[in-house]
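What follows is a set of notes on a single structure, which appears directly below.
The values are calculated or read from the model by the stated rules, or taken from the named source; none is laboratory data. Owing to the predicted nature of the structure, the values given are computational and were not obtained by experimental measurement. In this analysis, Cβ positions are derived from the backbone assuming ideal geometry, glycine residues included, and neighbour counts consider all displayed protein chains.
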Amino acid sequence: MSARRLLVGLAATLLAPLAAAQVYSFPRYEGAAQVRADCDRLLAELKQRRRAIAALPERGADVLAALDALNQRVEDTMGPLWLLPAVHPAKPVRDAAEACDLAYQRFNTGLLQDAHIHARLKHAAVADDIDRRLQRDQLDAFEDSGVALPAAKRARAQRLNDELTRLTQDYERRVRESRDTVAFSEAELEGVPENVWRNARRDAQGRVVLGLDYPSADPVIERAVQEATRERMWRATMRLGGEANLKTLQRIAARRHELAALFGFGSYADFVTRRRMVGSEANALAFLDAVDGAVRERERTDLALLREAKAKATNQPAERVVVRRWDVAYFTEQIRHERHGVDQEAMRVHFPPQRSLEFVFAVAQRMFGVRFEPVEQTLWHEEARAYAARDADGKLLGTLFVDLFPRPDKYNHAAVWPFRNVAAKSGRLPAAALVTNFDRQGLTLAELETLLHEFGHALHSLLSATRYSIPGGSSVQLDFAEAPSQMLEDWVYDPAVLALFRQVCAECAPLPRETIERAERARHLAKGLFFGRQLLYARYDLALHGRRVEAPLALWARMEGATPFGHVPGTMFPANFGHLASGYGAGYYGYLWSLVVAEDLRTAFAADRLDAAVGRRYRDTVLANGGQVAPQELVRRFLGRPGNREAFFRSLAIE
């Protein structure tokens, strides 16, 4: 079949009557050979589609639909394969999925460097503002891949992008597949909840062996009474990834710098931020300076508070006490308990994991009119689950996959993979995977906040109703991507919201209202230290991708050394700061930038966080539009005014 006939066939398919929507069935991969076979079929078809698009008429062709059809075909195969390295228990399957991603990224860069397609995209048939925005975004993608560069530079850009994909995979794999452990005697684990260590394996000396996953490490750092115990675990987590990842990160930063230079930019940060809400590296730094000015004095006050707490605990004069990095979480929790009577560990009995998931489903039903029903599927692991998302009238909206608990080789934090986007034009429904590592005994209130945050990402995907798949769901400008999830974090501190827990778990003892109110006050404790740390991460990320290429650890040691706690020799945090290697390179500032937007969005729910009318307006205005409308315009439409930073800076001042 000729390329042109293939495209005609695709167009006919798009125009054909839509089949009844069905729950997405996640493909089963039991061996690497299946992955390779699917990958080979995909790449062969994509090459045909590329030729077909390049053969379209030079002016007035429906290039947008053709590119979107290609994107949907990519998602059909690559969507699951992008998730599998994070969750599949079999290393051959994970490795084969990563190999396929390398091959696909090579194809994708070549596609985005295709001058014939680029020329047709410039003169594509465009019907309205949605089409125009997609056209502009796609033209930007072509230009940023090097379509307009001279041949030698274009080829170099291709090689750099290929290498960056491989380096990122190497970095993430070392963290995910780490076998690093720390061994403690039971006496050394005084204060650490028994459910964390009681059933852990023992070494030859009978010591408890704990991994560095956060369900194991965080309780030790936060709760261990003995400082030496906290220090050993903290230092171990700060070495995760090791020297190999520091070397990989240095190569990533150098390759990104070289890539930006091909386009005439002095820094990778400037190269990428010009496409985001912030507009430039200088604007990002100015924004961080404004936040710094609002929290700097509070950071010093917080440090003094921790020093007093440690002095009291160690019977030393405050002026002789030095608060270490491994003391921060411990004494913060001690002060929260002493001042506000808040004990996060004691909350686990109130929030069983499965019931907690059902609780966030109940929040979505009340606010947005969407309900989640369990669906029987055999997935990548026996504990993973599938759910159909349905509108109030029963209409299928999409499919959510959930993987709640930790295990070896699994992604060790909490995240959402929105691996299949909606496309209203073709009747395509979305699918996303929510991956966490929660304690089987239950969640703390802080972890319930994390769950609701990640669920916000899933809702962004599942409630999207974009015309095309390319801008669907959370495919938005990076510094807006966190806003829809951050907005929901406050909800767990509202007694009216937590009252919904009784609907899903009548046998669960409700968290008393006064405890919720104390927890809401307690979470503002040490806010200066928290934001000071976030500022350091954001500034380091921009500096690493700035005008000077520096060794990651030396740069980190210098910048961290200038903070109140200083730098601890022997630690190598950049080796496991995954955002640096992933798509958040020169983008970590986006967490704070998005929080500005999130705080502004929350003002619409000030009277009632569960207001269904406001929730429906938010769903239809912000979530439904994904990336097909500019974020600033979405905020203006939802709030009825331009966005501003007033709510954000008010929140910084809350004590």
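Report every pair of residues separated by at least 6 positions or lying on different chains whose Cβ atoms are under 7 Å apart, first residue within segment 364-393 and more than 20 Å from Val614 (Cα to Cα) and in the same structural domain as Ala433 (by TED's automatic domain parsing), second surrounded by 17 or more Cβ atoms within 10 Å (Cβ to Cβ) and at pLDDT below 95.
none
Just need a number here: residues in segment 612-642 that are buried (at least 21 other Cβ atoms within 10 Å of the Cβ) and among the small types (Gly, Ala, Ser).
Number satisfying all stated conditions: 3.
Out of segment 129-148, which residues are crowded, with 18+ Cβ neighbours inside 10 Å and outside any helix (DSSP H, G or I)?
Matches in segment 129-148: Gly146, Val147.
Can you spot a residue in segment 540-563 that is surrounded by fewer than 18 Cβ atoms within 10 Å (Cβ to Cβ), assigned by TED's automatic domain parsing to the domain that holds Glu258, over 19 Å from Ala244 (Cβ atoms) and touching an Asp or Glu at 6+ places or on another chain (Cβ under 8 Å)?
No, that holds for no residue.
Please identify the pairs in which a residue from segment 640-655 that is closer than 26 Å to Ala519 by Cβ has its Cβ atom under 6 Å from the Cβ atom of a residue that is polar (S, T, N, Q) and in a helix (DSSP H, G or I), counting only partners at least 6 apart or on another chain.
Pairs found: Ala647/Thr603.
Please determine, by comparing only the residues of segment 261-288 that are more than 27 Å from Gln113 (Cβ to Cβ) and of a type in the set (Gly, Ala, Ser), which one is surrounded by the most Cβ atoms within 10 Å (Cβ to Cβ).
Ala284
Could you please find all residues in segment 77-102 being closer than 16 Å to His413 by Cα and part of a helix (DSSP H, G or I)?
Leu83, Leu84, Pro85, Ala86, Val87
Show the residue pairs that are 6+ apart or on different chains and have beta-carbon atoms under 7 Å apart, the first residue being within segment 433-459 and farther than 23 Å from Gly626 by Cβ, the second being of a type in the set (Asp, Glu).
From segment 433-459, the pairs are Thr436/Glu454; Asn437/Asp213; Phe438/Glu447; Thr444/Glu345; Glu449/Glu489.
Restricting attention to segment 392-400, does a residue exist that is in contact with a Phe, Trp or Tyr (Cβ under 8 Å, 6 or more places away or on another chain) and part of a loop (DSSP other than H, G, I, E, B)?
No, segment 392-400 contains no residue that is in contact with a Phe, Trp or Tyr (Cβ under 8 Å, 6 or more places away or on another chain) and part of a loop (DSSP other than H, G, I, E, B).
Quick grid of which residues meet (1) under 24 Å from Arg274 (Cα atoms); (2) of a type in the set (Lys, Arg); (3) in contact with a Ser or Thr (Cβ under 7 Å, 6 or more places away or on another chain):
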| position | (1), (2), (3) |
| --- | --- |
| Cys505 | no, no, no |
| Cys508 | no, no, no |
| Arg518 | no, yes, no |
| Leu525 | no, no, yes |
| Phe531 | no, no, no |
| Leu536 | yes, no, yes |
| Gly578 | yes, no, no |
| Gly585 | yes, no, no |
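If I ask for residues that are among the small types (Gly, Ala, Ser) and closer than 30 Å to Ala290 by Cα, which ones from segment 504-529 would you list?
Within segment 504-529, Ala519, Ala522, Ala526, Gly528 qualify.
With respect to the numbered conditions (1) assigned by TED's automatic domain parsing to the domain that holds Ala581; (2) buried (at least 17 other Cβ atoms within 10 Å of the Cβ); (3) part of a helix (DSSP H, G or I), which one is the sole condition not fulfilled by Glu258?
In the conditions (1) assigned by TED's automatic domain parsing to the domain that holds Ala581; (2) buried (at least 17 other Cβ atoms within 10 Å of the Cβ); (3) part of a helix (DSSP H, G or I), Glu258 misses (2) alone.
If we only count helices (runs of 4 or more DSSP H) wholly inside segment 493-572, which ones have 2 or more residues that are more than 30 Å from Arg232 (Cα to Cα)?
495-498, 501-504, 513-522
Going residue by residue through segment 420-427, is there one that turns out to be within 18 Å of the chain's Cα centre (by Cα), crowded, with 23+ Cβ neighbours inside 10 Å and farther than 30 Å from Ala509 by Cβ?
Yes, that holds for at least one residue.
For segment 337-388, give me the residue count where each residue is touching a Ser or Thr at 6+ places or on another chain (Cβ under 8 Å) and farther than 12 Å from Phe455 by Cβ.
Total satisfying the criteria: 11.
With (1) touching a strand residue (DSSP E or B) at 6+ places or on another chain (Cβ under 9 Å); (2) surrounded by fewer than 23 Cβ atoms within 10 Å (Cβ to Cβ); (3) under 29 Å from His337 (Cβ atoms) as the list, and Ala415 as the residue in question, which single condition is left unmet?
Unmet for Ala415, out of (1) touching a strand residue (DSSP E or B) at 6+ places or on another chain (Cβ under 9 Å); (2) surrounded by fewer than 23 Cβ atoms within 10 Å (Cβ to Cβ); (3) under 29 Å from His337 (Cβ atoms): (3).
List every residue pair whose Cβ atoms sit under 6 Å apart, with the two residues 6 or more apart in sequence or on different chains, where the first one lies in segment 153-173 and is assigned by TED's automatic domain parsing to the domain that holds Asp409 and the second, anywhere, is of a type in the set (Asp, Glu) and in a helix (DSSP H, G or I).
Note: no pairs meet the criteria.
Would you be able to tell me the number of residues in segment 319-333 that are part of a helix (DSSP H, G or I) and touching a residue at least 12 places away in the same chain (Cβ under 8 Å)?
9
Restricting attention to segment 564-606, report how many residues are closer than 23 Å to Ile654 by Cβ and modelled with pLDDT under 95.
Residues that pass the stated criteria total 1.
Among the residues of segment 243-251, are any among the basic types (Lys, Arg), more than 28 Å from Pro89 (Cα to Cα) and crowded, with 21+ Cβ neighbours inside 10 Å?
No.
Can you name the number of the only condition in (1) at pLDDT 95 or above; (2) surrounded by 18 or more Cβ atoms within 10 Å (Cβ to Cβ); (3) touching a strand residue (DSSP E or B) at 6+ places or on another chain (Cβ under 7 Å); (4) small (Gly, Ala, Ser) that Ser216 fails?
Among (1) at pLDDT 95 or above; (2) surrounded by 18 or more Cβ atoms within 10 Å (Cβ to Cβ); (3) touching a strand residue (DSSP E or B) at 6+ places or on another chain (Cβ under 7 Å); (4) small (Gly, Ala, Ser), Ser216 violates only (1).
For every residue, the table says whether it meets (1) farther than 20 Å from Ala52 by Cα; (2) in contact (Cβ under 8 Å) with a residue 60 or more places away in the chain.
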site	(1), (2)
Gln72	no, yes
Leu81	yes, no
Val87	yes, yes
Ala99	yes, yes
Thr109	no, no
Leu112	no, no
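Do we find that Phe359 is assigned to a strand (DSSP E or B) and either within 28 Å of Gly31 (Cβ to Cβ) or in the same structural domain as Tyr493 (by TED's automatic domain parsing) (or both) in this structure?
no
State whether the residues of segment 645-653 include one that is outside the structural domain of Pro484 (by TED's automatic domain parsing), assigned to a loop (DSSP other than H, G, I, E, B), out of contact with any Lys or Arg (no Cβ under 8 Å at 6 or more places or on another chain) and surrounded by fewer than 20 Cβ atoms within 10 Å (Cβ to Cβ).
Checked segment 645-653: at least one residue is outside the structural domain of Pro484 (by TED's automatic domain parsing), assigned to a loop (DSSP other than H, G, I, E, B), out of contact with any Lys or Arg (no Cβ under 8 Å at 6 or more places or on another chain) and surrounded by fewer than 20 Cβ atoms within 10 Å (Cβ to Cβ).
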